[in-house]
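What follows is a short report on a single structure.
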Amino acid sequence: FFNKEGDFNNLTAAAYHKKTHLLVTGFASGVFHLHELPDFNLIHSLSISDQRIASISINCTGDWIAFGCSGLGQLLVWEWQSESYVLKQQGHFNSMVSLAYSPDGQYIVTGGEDGKVKVWNTSSSFCFVTFTEHNSGVTAVTFTSTGYVILSASLDGTVRAFDLHRYRNFRTFTSPRPSQFSSLAVDSSGEIVAAGSQDSFEIFIWSMQSGRLLDVLAGHEGPISSLSFNPMKCVLASASWDKTVKLWDMLDSWRTKETFIMNSDVLVVAFRPDGKELAVAALNGQITFWDHENAVQTGSIEGRHDLQMGRKELDKITAKQSAKGKSFTTLCYSADGQSILAGGLSKFVCIYNVKEQILMKKFEISCNYSLDAMEVFCVSKEKKEFFFCGHRTTSLTFISLFLNIAKCQIKFLQNYRHFKPEIRVTCVRFCPTGRSWAATTTEGLLLFSLDSGLIFDPFELDIDVTPSNIHKTLSQKEYTVAIVMAFKLNEKKLIQEVVEAVPSSEVDVVCSSLPELYVEKLLEFLASAFETSCHLEFYLIWAHKLLMLHGQKLKTR
């Protein structure tokens, strides 16, 4: 059918719904057609993207159609009868480079090589606003202390401020001469914005309120790789490829307060949340800790071996040898300052104890072997042929050896013309609440949390909540179900009867299996029961078990 129309070569995806006889077809142009079979009656046609539609799926009822466009990272769910979108999401279609948490931990902002700045809701995992004002890759993003303003630095030579109330770019900071900004920091008051340049080796300071350039800090002899404001004092730390970390005092006309000399190029610098310690990661794979007030190094971690580098397909040396030149490219302290997260060109994120300077845990961010540098040992058929060819021709002249190697390399590269993204971690950040952390990786934005996700209540789906059913459930010794049913009915005498019917030996089990939704309700009931009940020890056991099991989650709320 499509061959007659001349569209067959452009057909990229198709799906058929048997019950409703619907055929959905997607094309390279981003257009999809909806036909009714067997007569091929065209019901609907729409352009949803300017990239090819990679995959199509229809839900069981045939009402919703999902489309995936891999070129732009788009996911769309379309209700064809009402001709409306049920869901529209789009990720960064190039690598994510940086991220930042909002002060309350509810939102995450990310910046990507596609020049977009996206804001995500941590509870729903959906992106709810995208800013597209930058003309080149975004290198750094951050929130101000209020949580309503986002700042982003870009290679297009601008630093932009976005308002989360009205979703607009209300400030644009630029330098006198065009500069590519590679790092960004904002002070705790949200009034001073600093950005580091990777071509002029200078740091530019602006006022958030007026948008004016206040100062240009010169002194580094290499590109500025990282900036960090002390959370408690008016001090800015800057790291550079010139093997130095400089501290600038804002109150003393931005003079250099201290300069720390490192053994290698400095890649990232971070202050502890209390502002009393400075962590520095260098190109030699070391993380060093400094008491910046007294200019004393307090410790160091040799992290190169913990990265556990993989071997890339085109590498001619082993992973162990290539790891000697690898290092951490991103650092972040935990909310309490006792631990530090570190990531780099590896599939692992490491978390260290700062005081003991030991590795506490390694998080593996991916098991996807279609990404490059995932395997430690990698010897393919083509590589063997290349190595053996070089071995066989040892007795030939230099020219014939060179031609043999070149010929094998051409054959080798022909088989690897497709692009394989390399696994890497570009940025890690701890949530201000201390309960979770996030990382931007080749696999996307990943969130790791101590808390379980949504509050789910499965008990009300299939049972009639009546006093007789509650007594029946109680007689079957299903204590947790009985308590939940009693709270749904919300009769105080019935709740008391059910709670007092639970044997004291079963209290621990019931408390651990009780849904979070009912923990607070049960605690409220216990508080009122203490005033009147004579079963004081029994109720104290309930309160103790509940608080021991659920206290941490209650505190965070």
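Please go through the range 153-169 and give me each residue that is outside any loop (DSSP other than H, G, I, E, B), open to solvent by less than 60 Å² (accessible area, probe 1.4 Å) and not hydroxyl-bearing (S, T, Y), ordered by number. Write out each step before concluding.
Taking the range 153-169 and keeping what is outside any loop (DSSP other than H, G, I, E, B), we get 153-154, 158-163, 168-169.
If we keep only those that are open to solvent by less than 60 Å² (accessible area, probe 1.4 Å) too, we end up with 153-154, 158-163, 169.
Residues satisfying the conditions are A153, V159, R160, A161, F162, D163, N169.
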Exercise for the section: For the range 124-153, enumerate the residues that are in contact (Cβ under 8 Å) with a residue 40 or more places away in the chain, of a type in the set (S, T, N, Q) and closer than 28 Å to P273 by Cα. Expected result: S125, T139, T142, T144, S145, T146, S152
Fill in the blank from the handout: Per the list (1) modelled with pLDDT of 85 or more; (2) farther than 30 Å from K362 by Cβ; (3) open to solvent by 30 Å² or more (accessible area, probe 1.4 Å); (4) in contact with a helix residue (DSSP H, G or I) (Cβ under 6 Å, 6 or more places away or on another chain), residue check on S512 breaks on (2)
Exercise for the section: Kindly provide the set of residues from the range 53-84 that are open to solvent by 50 Å² or more (accessible area, probe 1.4 Å), closer than 18 Å to A28 by Cα and modelled with pLDDT of 90 or more, ordered by number. Expected result: S55, S57, L75
Fill in the blank from the handout: I108 vs (1) at pLDDT 95 or above; (2) on the phi > 0 side of the Ramachandran plot: all pass except (2)
Handout entry: Residue within the range 491-499 that is within 23 Å of N469 (Cα to Cα), open to solvent by less than 70 Å² (accessible area, probe 1.4 Å) and of a type outside the set (V, I, T) present
Key = yes
Handout entry: strands (runs of 3 or more DSSP E) (entirely within the range 1-103) containing at least 3 residues that are without any contact (Cβ under 8 Å) to a residue 60 or more places away in the chain
Key = 11-17, 22-27, 31-36, 41-47, 55-58, 64-69, 74-79, 84-90
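Here is a check on your reading of the model: is A195 of a type in the set (G, A, S), at pLDDT 95 or above, more than 20 Å from F162 (Cα to Cα) and in a strand (DSSP E or B)?
Numbers: of a type in the set (G, A, S): yes; at pLDDT 95 or above: yes; more than 20 Å from F162 (Cα to Cα): no; in a strand (DSSP E or B): yes.
Considered against the rule, which asks whether it is of a type in the set (G, A, S), at pLDDT 95 or above, more than 20 Å from F162 (Cα to Cα) and in a strand (DSSP E or B), A195 comes out as no.
Hey, which of the strands (runs of 3 or more DSSP E) in the range 235-298, taking only ones fully inside, have at least 2 residues that are of a type in the set (S, T, Y), out of contact with any Cys (no Cβ under 9 Å at 6 or more places or on another chain) and closer than 14 Å to L217 by Cβ? Before you say what the answer is, go through the steps one by one.
Working: elements: 235-240, 244-249, 255-261, 266-271, 278-282, 286-291.
Here the list reads 235-240, 255-261.
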Exercise for the section: Scan (1) in a loop (DSSP other than H, G, I, E, B); (2) open to solvent by 70 Å² or more (accessible area, probe 1.4 Å) for the single condition K521 breaks and write down its number. Expected result: (1)
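The values are calculated or read from the model by the stated rules, or taken from the named source; none is laboratory data. All figures in this text were calculated on a predicted structure; none of them were measured in a lab. Here Cβ is always computed from backbone atoms with ideal geometry, including for glycine, and neighbour counts include all displayed protein chains. These area figures cover heavy atoms from the full protein model, side chains too; ligands, DNA and RNA do not enter into them. Shrake-Rupley method; radii C 1.70, N 1.55, O 1.52, S 1.80 Å.
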